[in-house]
Amino acid sequence: MPIQTTPKIWMNGELVDWDKAQVHVLTHTLHYGTGVFEGIRAYPTDNGPAVFRLTEHIKRLFNSAHIMGMEIPYTVDELVQATKETVASTGLPGCYVRPLAYYGYGEMGLNTLPCRTDVAIACWPWGAYLGDDAVSKGVRMKISSWTRHDHNTMPPAAKTVGNYVNSSLAKVEALKAGYDEAIMLAPNGLIAECTGENIFAVRNDIIITPPLSAGALEGITQNSVMTIARDQGYDVRVDNLARSDLYIAEEIFVCGTAAEISSVNSVDDRAVPCPGPKTKVIAEIYLDAVKGKVDKYKHWCELAV
Ligand code: PPE
């Protein structure tokens, strides 16, 4: 589905018209994948649109840049304000938000040291990433033939543009084979994450999600889910999962900003009970929390205006 346009995109300190938010074909990041980005959602709340855990997302953008040795010529506060301004300029009650820091036009070659960092923040309406009924019906997952990056190949903890070549290969392979999404294994064969989501499996009543060391991004939704689940009294652990843990899991769900929470109905054609009872409880609370409807988690909702 083509992107639904909004009036303005923030580029290097200014809100410019959507159609004017353009870059030169010799933009460094277009050639070498050297940018870093975030995916954030703004949701309608009783007090207007609020950006979910905005400051943490912007801090992760800076961490990604730090891992890449990239200087962002703004402060966290400045990009938090810029994001709020961009969200407000859409006039929408909620939207997806995509901040991107990239090496712009001016230098070519693999030495990024002389490159200038440009920053853009775009917003557009983006529906449920894995389908509207992803919680109730669940998605079909396939273990990918593509391995997640090794820590010494492409740092998986950084949300680097180039990292997503690996995700796209896995996603398209899964879709072409008739599945909804791929699960990526780390080079050591243990479960890392999905192409754009973290994964949770319930085994013996314990909710388990793989650690950053397994090649998973430190997901902000993953963190929200762990908080919600622990507050519900569930036993939640960050630990390694093997492929067979998934085949015999009591329930599995995946989560991310774009995907929100989605249950999994099978892995490699082995049925998984779906939707699992814990998944249902967590998804319901999460979808209320993002809209500022749960007092305990209201501090996660940062008002756009
Ligand atoms: N792992 C990966 C590889 C990933 O891309 C995401 C987010 C997550 C885990 C979950 O992170 P978080 O959003 O902080 O809970 N993926 C973003 C981009 C998706 C896309 O297709 O583009 C997102 O969900 O916005």
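Miscellaneous remarks
- Gain in span if fully extended, Val76 to Asp231, counting 0.36 nm per residue against the direct Cα distance: 52.9 nm
- Sorting the segments 142-150, 287-295 by their residues' average number of neighbouring beta-carbon atoms within 10 angstrom, most packed first, yields 142-150, 287-295.
- Solvent exposure of the chain amounts to 45 Å² per residue of accessible area, where only protein heavy atoms count and the probe is 1.4 Å.
- Full-extension gain in nm, Asp268 to Leu26, via 0.36 nm per residue minus C-alpha separation: 83.0 nm
- Accessible surface of region 134-289, 1.4 Å probe, proportion on carbon and sulfur as whole %: 51 percent
- For the chain, calculated [θ]222 nm from helices alone, where every DSSP H run of n ≥ 4 adds -39500 (n - 2.57): -8000 deg cm²/dmol
- For the chain, a/c is not less than 1.5, where a ≥ b ≥ c are the root eigenvalues of the C-alpha gyration tensor, and a/b does not top b/c. That puts it in the oblate class.
- Carbon plus sulfur fraction of accessible area for region 37-105, probe 1.4 Å, in percent: 51 percent
- Gain upon complete extension [Leu303, Glu85; 0.36 nm per residue less C-alpha separation]: 77.4 nm
- Placing unit charges on the Cβ atoms only, positive for Lys and Arg and negative for Asp and Glu, gives the chain a dipole magnitude near 180 debye about its Cα centre.
- Spacing of the two label points (7 Å from each Cα toward its C-beta) at Asn63 and Asp132, in nm: 3.5 nm
- Evaluated with a Cβ-only charge set (Lys, Arg +1; Asp, Glu -1), region 8-124 carries a dipole of roughly 240 debye about its Cα centre, given to the nearest 20.
- For the peptides 8-18, 91-101, the ranking by mean Cβ contacts within 10 Å, running from highest to lowest, is 91-101, 8-18.
The values are calculated or read from the model by the stated rules, or taken from the named source; none is laboratory data. The structure displayed is predicted, hence computed values, not measured ones. FYI the Cβ positions are ideal-geometry reconstructions off the backbone, even for glycines, and counts take in every protein chain you see. Calculation scope for accessible area: heavy atoms of the full protein, side chains included, ligands and nucleic acids excluded. Shrake-Rupley method; radii C 1.70, N 1.55, O 1.52, S 1.80 Å.
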